[in-house]
Amino acid sequence: MAKRQIPVIVLAGFLGSGKTTLLNHLLSRSGGSRIGAIVNDFGSIEIDAMSVAGQVDSMVSLGNGCLCCAVDTSELDVFLDRLARPAARIDVIVIEASGLAEPQEIIRMILASDNKSIVYGGLVEVVDAAEFDATRERHPELDRHVGIADLVVLNKADRIGDEAREDLLATLAALAPGTPVVPASYGRVDPEFLFDRKPREERVEAIRQLSFEDLCAADEDHEQDHHGHLHAGYESVEFASDEPMHPRRLMDFLDSRPKGLYRVKGFVHFGVAGHRQKFTLHAVGDFLRFYPSPWARSEKRATRLVMIGSGIDARALRDGIEACRDTAPQETGDHSMWGVLRYAQS
Ligand SMILES: Nc1nc2c(ncn2[C@@H]2O[C@H](COP(=O)(O)OP(=O)(O)OP(=O)(O)O)[C@@H](O)[C@H]2O)c(=O)[nH]1
């Protein structure tokens, strides 16, 4: 009997479009299939990796920098080998690209892999319905990403009205003729769109596969070096503290964040009595939310944040966030949490 190859799916999409949310949805709805995940965080604090760990059958994390800029494929190969070994009993591998990655480069690496147990399984491009027009204006490269996708997920459909949704569907259909576009909220797509939950052999053929020729042809249009990459001009600032954060100072910092600071993610520890849960924080453009949840028993109370933007003053941001530490939490009253709670969603 021919040995089954494990499909490797690339999950891409601009910063904050909902890739991790979608991956978590897939992990919780994978039925009998075992998913191996490769998560590529842009910053060195691996927020995305932490968000999926615990749900996944097997995960490896490639922190700090875009996978698409790896000089050779060996690093990815090591991880693919690890997930594809028979003992891992993985049915499908999902690579969550960083929000600034060039999906084409990652596809190229998968196609170039020597591992005979895997096969490229398609590109899923997650689009943020609320931010798409504005992001596309700044990054026309996104059109190309949508154009090479095998499945486009129009995520955050809950954030726009019916008319805007129809307009976006028409735009996406023009950018990717013939490619299925699935509107979704919180990444809730049927996993069958991505892989058969079992049996799965037929699935690999069902997903259109890009050939090397397709990739090379697409590549002629843009520069080979990394200046053409989405992440050119972007930088990230990381912050870690075991001390609690001062809620009002942090809100002032977040409310006055510069326009170029497009993405903030991580989790925050406040020392205020009654509010010592873990506050997961997500900012995407103008959107800002805290998601309170209990800390895991083994988890250390701490704050870890990654801020990603272009044209940002990294030094000023670092100074600004440093000044939000709460050096006297016992004196910080309950009312100082109001600003945070205004943005909290359970
Ligand atoms: N309203 C709404 N919010 C969503 C939806 N999907 C994701 N979000 C929120 O959007 C924020 C970013 O989601 P993530 O899944 O972390 O996005 P990501 O693409 O993995 O982000 P990066 O890895 O930084 O590029 C979080 O606050 C999510 O809860 C959705 O369909 N609707």
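Rank the residues Y262, Y291, Y234, Y343 as a footprinting-exposure proxy: fewest other Cβ atoms within 10 Å of their Cβ go first.
Listing Y262, Y291, Y234, Y343 from fewest to most nearby Cβ atoms yields Y291, Y343, Y234, Y262.
Kindly put D313, D255 in sequence by how many other C-beta atoms sit within 10 Å of each C-beta, fewest to most.
Numbers: D313 14, D255 10.
Placing the least packed residue first, the sequence is D255, D313.
Just to verify a number: FRET efficiency for D143 and A314, C-beta to C-beta distance, R0 = 22 Å, to 0.05?
Efficiency, from the Cβ-Cβ distance: 0.15.
Indicate the gyration tensor shape class of the range 234-342 (rounded, prolate or oblate), computed on the Cα atoms with a ≥ b ≥ c the square roots of the eigenvalues: a/c under 1.5 is rounded; otherwise a/b larger than b/c is prolate and the rest oblate. Before the final figure, lay out each step's value.
Details: a/c = 1.68, a/b = 1.56, b/c = 1.08.
It is prolate, given that a/c is not under 1.5 and a/b is the larger ratio.
If neighbour count is taken as other Cβ atoms inside 10 Å, put W338, W295 in order from fewest to most.
Ordered from fewest to most neighbouring Cβ atoms within 10 Å, W338, W295 come out as W338, W295.
Using the beta-carbon distance between A173 and E75 and R0 = 22 Å, what value does 1/(1 + (r/R0)^6) give for FRET efficiency, to the nearest 0.05?
0.05
Convert each backbone phi in the range 19-29 into a coupling constant with the Karplus relation 6.51 cos²θ - 1.76 cosθ + 1.60 (shift: θ = phi - 60°), then list the ³J(HN,Hα) values in order as whole Hz, x for Gly and Pro.
With the stated coefficients, the range 19-29 comes to 5, 5, 4, 5, 4, 4, 4, 4, 5, 7, 10 Hz.
Dipole of the range 234-342, Cα-centred, from +1 at each Lys and Arg C-beta and -1 at each Asp and Glu C-beta, to the nearest 20 debye?
With only Lys, Arg, Asp and Glu charged at Cβ, the dipole is about 360 debye.
Which of the trypsin sites (Lys or Arg not before Pro) found in the range 253-346 are in a DSSP loop and have at most 12 neighbouring Cβ atoms, other than their own, within 10 Å?
On the way: sites: K259, R263, K265, R276, K278, R289, R297, K300, R301, R304, R315, R318, R325, R342; in loops: K259, R276, R297, K300, R301.
Those satisfying the criteria are K259, R297, K300.
Taken together, the values in this text are just the output of simple stated rules run on the coordinates, not laboratory data. Note that this is a predicted model, so its numbers are computed, not measured. Every residue, glycine as well, gets a Cβ built from its backbone with ideal geometry; the counts of neighbours run over all protein chains shown.
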